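Structure first, then comments.
The values are calculated or read from the model by the stated rules, or taken from the named source; none is laboratory data. Nothing here was measured: the structure is a model prediction, and the numbers come from that model. FYI the Cβ positions are ideal-geometry reconstructions off the backbone, even for glycines, and counts take in every protein chain you see.
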Amino acid sequence: MRTTLFLPVLALAAATVVSPAFAAEKAQSFVDKAAVGGTFEVESSQLAIRMSKDPDVKKFADMMISDHGKANADLEALAKKQGLKVPGKLDSKHAALMKQLEKAGSNFDAPYIKAQLEGHQETMKMFQDYADKGDNDALQNFAVKTLPTLRMHLETIEGMSNKVGATK
């Protein structure tokens, strides 16, 4: 009888101890993905400013540098306050995308816009999921605050994708 009562209490205590660690891990994962994605947006857009011949693509790239630069700075400050680390470089997936864009030459616009389209679709889903189910109030508020800008970016990219031949 004592064992029967003890096990549920032990399970509840273990869940209470494990839960904050799991929550911090989930918050760190969000920071990692958001920071890498934001860094890619800025770096690929800086490349677009140099490589694109299309004034609309350059204007869009300038907006990406400004908006994602600000969001990246906000995320970094917020993450540090929360005791979370911000990655200092691109992950292998985004580094490979940058190499592809660097090699695109005069055909730069279509792969750049396609990368922006796919990246913003993934980012919108990630931010919406974290806004809905995030485990860190400050990061959840950041996700909610950032979503309207991401939506606007996605709508802009969708409009540009046919123009530059970047449809999926």
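Please specify each residue of the range 100-146 satisfying the condition of being small (Gly, Ala, Ser), buried (at least 19 other Cβ atoms within 10 Å of the Cβ) and assigned to a helix (DSSP H, G or I).
Going through the range 100-146, the residues small (Gly, Ala, Ser) turn out to be 104-106, 110, 115, 119, 131, 134, 138, 143.
Among the residues that remain, those that are also buried (at least 19 other Cβ atoms within 10 Å of the Cβ) are: 115, 119, 134, 143.
If the condition is that a residue be small (Gly, Ala, Ser), buried (at least 19 other Cβ atoms within 10 Å of the Cβ) and assigned to a helix (DSSP H, G or I), then ALA115, GLY119, ALA143 are the ones that fit.
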*Is one or more of the residues making up the range 76-95 among the basic types (Lys, Arg) and part of a loop (DSSP other than H, G, I, E, B)?*
yes
*Look through the range 40-65, keep the residues that are touching a residue at least 60 places away in the same chain (Cβ under 8 Å) and among the acidic types (Asp, Glu), and return whichever of them is nearest to LYS89 (Cα to Cα).*
GLU41
*Being farther than 16 Å from ILE157 by Cα and in a helix (DSSP H, G or I) is the filter here, so list the residues in the range 50-65 that pass it.*
ARG50, MET51
*Any residue in the range 133-149 that's under 19 Å from LYS70 (Cβ atoms): show its pairings with residues that are among the acidic types (Asp, Glu) at Cβ separation under 7 Å, as long as the two are six or more apart or on different chains.*
PHE142/ASP74; THR149/ASP67
_Suppose we keep only residues that are under 17 Å from LYS114 (Cα atoms) and loosely packed, with under 15 Cβ neighbours inside 10 Å within the range 64-99. Which one would you say is farthest from the chain's Cα centre (by Cα)?_
LYS99
*Please tell me if VAL144 is at pLDDT below 95 and among the β-branched types (Val, Ile, Thr).*
no
